[in-house]
Amino acid sequence: MNRLKLPPWLVLLLPAIIILSAVVLIPLVLSLYSSFTSYRLTRPDSIFNWVGFFNYEKALTDVKFWAAFGRTVLLLTVALNLEMLFGLGLALMVSKVTQGQRLLRTMMMFPMMFSPILVGFQFKFIFNDNVGLVNNALQSLGITDQAIPWLVDGQLAMFSIIFAEIWTATSVFGILILAGLYAIPRDPLEAAKVDGCTAWQSFRYVTLPFLMPFIYIAMAIRSLDVARAYDIVQIMTNGGPARRTELLWTLIGRTGYVDARMGYANAMGYISIFLAIFFTIYFFKKLTQSRKELGMGA
Amino acid sequence: MAQVHLRDVVKKYGPLEVVHSINLDIADGEFVVLVGPSGCGKSTTLRMVAGLEGISGGEVQIGGRVVNDLPPRERNISMVFQNYALYPHMTVRENLGFSLKIAKQSQAEIDKAVDEAAEILSLTPLLDRKPGALSGGQRQRVAMGRAIVRHPEVFLFDEPLSNLDAKLRTQMRVEIKKLHQKLKSTIIYVTHDQVEAMTLADRIVIMRDGHIEQVGTPLDVFENPVNTFVGTFIGSPPMNLLDGVVKGNELEFADGTRLPVPPGYAIQDGQAVTFGVRADNIMPVGHALPRGEHMAEVEMAVDLTEPLGTETLLFATLAGTEVQAKMLNPRPVQSGERMTFQIMLDKCHLFDAETGASLRK
C-alpha cells in the first residue's frame, strides 16, 4: 500500500489547521464570497450568482444604510461618553467608601450579569407607555397627565435605548476606572496637595492623567460592544418606530434573516466591520499615547 | 522663613496612639533632623507638620500661626518625598513650575523661578525630559527643585535619600547641606540613617516609640547620650553595653572582671549599672590615641576583624559580652590572638541598669 507521507510538522499542526478552518476561515471566506453574489437564503443556488461589487455599491448608496451607520456612531459617541462620566463618578465615590467597599464593588457588577435580552425586555416594560414604571411614576407624581410615548416617539426611543445601554455597561467603566484608582501611587497626590492643589486641581492634573489609560481600555472594549449593538435594540424597539432606532446590525440582521438577502447583508456587514476596527485602532492609539505620557511602556 | 513649634502634639489612629505628646521648638533657619528606627513616629510627625496627617491633639505652629486646621497649601511649606513623587506625565520644567502655575503666577514669573531653581540644582539640561528618563539622583534633584521653586517658609524632607545608592547618597547629602547654607531656610528632615542625621543637622531629635528621647547638637547627643537607646543608635559602630555592679571604686561584671568606675557619675555602692563604651574608646595598646587621664587596661582575645583601611574593627569578648574595638594604624591580627586594650574611662558612660537612663551628674 502506497500511503501518502506527510511531513511531521504538518501532521502536528493539522488539528489546529482543521479547527481554525472550520470555525474561522471557512465562514470568513464564505461570507466574503457571498457578499459578491446575490445569495438569498430562500434560493440556495443563488450563491453561485456572481454580481461583483453590486451589493457594495448598493449599500454605499443606500440612505437607510447610512442612516443606520450614523445612528450607530451617535449611539457609540453618546453612550460611551456618558458611561465614562458616570463610571468615573461611580468609581470615585466607591473608592472613598471605607466600609463595605467589597460589597459595593460586587453590586456595581450586577447590571453586567444580566443577559442583554433580559435587560431589553426589562426596559421595554419600564418605558412602556401604558403599563411602564416611568409613566406610572410620572403620572402619580403629577408631573404629567399624558402617557409619554417613550418607545414610540423616534427621539425618545433612541434616548430609552441609550439609557438601557448606559444602565448595563456603566459598571465596565466603573470597575476599570476603580482599578486605575487603586493603581495610582499616593505620593504624587500628596505632592500635589503640598504644591497647593485644591481637590479639583489634584484630580484634574494628577488623578485624571493616571486614569486615562484605564479609560481608553474601557473605551476600546465598549466601542466594540456598542458597534455590534443588536439585542437590546431588537427587543426594545425592533429598530422602529419607522426605522428611527435602526442600527447597523439590526438593519443587517433584518436584511439577512427576515428579507433573506444574505449576500447584501454580508456586504453591509463587511463595511460595518470597518467602523469597529476604526474605533478600536483609535482608542488603542490613545491608550498607547496616554501610557507614554505617564512614562509607561516603550 | 519661620519658626516651627510643636506643643503636646499627639497622633492617634483609632485607639492606637503612635505619637505621644511631643514638644519641639525649631528656630528660624535651623536644620533639624528627626531620626529614629522605623515605626518611631518621625515620618508621622513630619506629615502632621505638612498637613498630610490630621493632628489628634496639641498644636503645630508655623511662623507664629497655628496651622492645625489649615490644608497643606495654606501652610507655606514644601516637601521632598522618599519616592520623589514627581508627576510622571509632566516634563521636568512642568514639574518644577507646577506649584506656581497652580498659584496662578504669570508664565514669565514661572519661567524665571524655574530657570533659577534649575540653575541651583544643575537641572538646566534636563528641563525638557520626563521623570521616566531620569536617573534616581536626577529625580531627587527635581523633587528638591520643586520644593525650592516656591520659596516656602519651611522645607520638609521625608527620607529623601533612602532610595539612592550609597555613593549618590553621600553626594546628595553634601548638596542638601549646601542648599541649606544658600537658602538659609528652616528645614525639618526625617531619616533613619544616623550618619545623615549627624552630618546634616544643626540639631538632632532622636525619637523612639512616639516619644522624643533626646534633642541636641550632633556632638552633644554623641558625647552625652541621655540613655542607652540614644547611645547605641547614634554613632557607628553602636556603643558597647555591659551589665555590671558598682563595688566601691570599681565595676564588677558577671564573670568577675573589674574596671575602675568612670569619673563624673552619680552612683551608689552595690548599684546595678550598664557600662557603655564606644569602639573609639577601647583600643589595643600601641594602636590607640593617647588621651584622657583615666585609663584602664584589659586583655581580650580577638574573635573577628573587619579591616576598613585606616582602621580595623576588632570583635572581642569582654566579661562574656561581645564588644567592638577600634585599631588605628592597623596590622594584620589573627583570630584568637590575645591583645591588651586600653579603655579611655573619661569617654565611658554609666546608665541605670533598669531604666537605661544616664547616671551622669
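Numerical summary
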| quantity | calculated |
| --- | --- |
| Cβ-placed point charges (K, R +1; D, E -1), dipole of the protein assembly as shown about Cα centre in debye, nearest 20 | 3280 |
| Accessible heavy-atom area order of B:157, B:229, A:86, highest first, probe of 1.4 Å | A:86, B:229, B:157 |
| Positive dipole terminus of chain B, leading residue within B:149, B:106, B:239 (C-beta point charges) | B:106 |
| Sequence of A:246, B:30, B:250 when ordered by accessible area, the most exposed leading, probe 1.4 angstrom | B:250, B:30, A:246 |
| Nearest-10 value in Å² for the accessible area of residue B:213, using the 1.4 Å probe | 40 |
| In Hz, Karplus ³J(HN,Hα) per residue of the stretch B:2-17 (6.51, -1.76, 1.60; θ = phi - 60°; x = Gly, Pro) | 7, 8, 10, 10, 10, 10, 6, 6, 10, 10, 10, 10, x, x, 8, 9 |
| Nearest-20 debye value, chain B charge dipole, Cβ charges on Lys, Arg, Asp, Glu | 1420 |
| Under 13 Å, Cβ to Cβ, from residue B:302 - net charge with Lys/Arg +1 and Asp/Glu -1 | -2 |
| Area accessible to solvent at residue A:33, 1.4 Å probe radius, in Å² | 80 |
| Cα lying deepest toward the dipole's positive end in chain A, options A:112, A:221, A:51, charges on Cβ | A:51 |
| Karplus-derived 3J(HN,Hα), 6.51/-1.76/1.60, for each residue of the stretch A:267-279, Hz, glycine and proline x | 4, 5, x, 5, 5, 5, 3, 4, 4, 4, 4, 4, 5 |
| For residue B:79, distant residues with modelled amide H under 5 Å away | B:156 |
| Shape of the stretch B:240-352, Cα gyration tensor, a/c cut at 1.5 | prolate |
| Ratio of the Cα radius of gyration of the stretch B:106-201 to 2.2 N^0.38 Å, where N counts its residues | 1.09 |
| Dipole of chain B [Lys/Arg +1, Asp/Glu -1 at C-beta], most positive-end residue of B:205, B:190, B:83 | B:83 |
| Rounded to the nearest 20 debye, dipole of chain A from Cβ charges on Lys, Arg, Asp, Glu | 740 |
| Residue pairs, from the table A:96/A:286; B:247/B:361; A:96/B:101; B:42/B:326; B:104/B:177, whose Cα atoms sit over 22 Å apart | A:96/A:286; A:96/B:101; B:42/B:326; B:104/B:177 |
| Counted charge near residue A:71, where neighbours are those whose Cβ lies closer than 11 Å (Asp, Glu -1; Lys, Arg +1) | +2 |
| Amide H contacts of residue B:34 (H built 1.01 Å from N, under 5 Å, at least 5 apart or other chain) | B:189, B:190, B:191, B:205 |
| Hz values of 3J(HN,Hα) by residue in the stretch A:240-252 - Karplus curve (6.51, -1.76, 1.60), Gly and Pro given as x | x, x, 6, 6, 6, 10, 5, 9, 3, 7, 5, 5, 5 |
| Contact order relative to length of chain B, as percent, for alpha carbon pairs under 8 angstrom and 6 or more apart | 16 |
| Debye log10 I(q)/I(0) at q = 0.08, 0.14, 0.16 Å⁻¹ for the stretch A:119-260, Cα point scatterers | -0.37, -0.79, -0.88 |
| Per residue, the convex hull volume that the Cα atoms of the stretch B:4-233 enclose (Å³) | 124 |
| Relative contact order computed over chain A (Cα-Cα under 8 Å; 6+ residues apart), in percent | 27 |
| Cα gyration tensor shape for the protein assembly as shown, rounded if a/c is under 1.5, else prolate or oblate | prolate |
| Principal axis dimensions, the stretch A:1-88 - Cα atoms, whole angstrom, descending | 68, 44, 21 |
| Cα-based shape type of chain A, given that a ≥ b ≥ c are square roots of the gyration tensor eigenvalues and the cut on a/c is 1.5 | oblate |
| Proximal charge balance of residue B:160 [Cβ under 15 Å; K/R count +1, D/E count -1] | +1 |
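The values are calculated or read from the model by the stated rules, or taken from the named source; none is laboratory data. The model shown is predicted, which means the values in this text are computed figures rather than measured ones. No Cβ is skipped: glycine too gets one built from the backbone with ideal geometry, and neighbour counts run over all protein chains shown. Quick note on the areas: whole protein, heavy atoms, side chains included, nothing else; ligands and nucleic acids left out. Shrake-Rupley method; radii C 1.70, N 1.55, O 1.52, S 1.80 Å.
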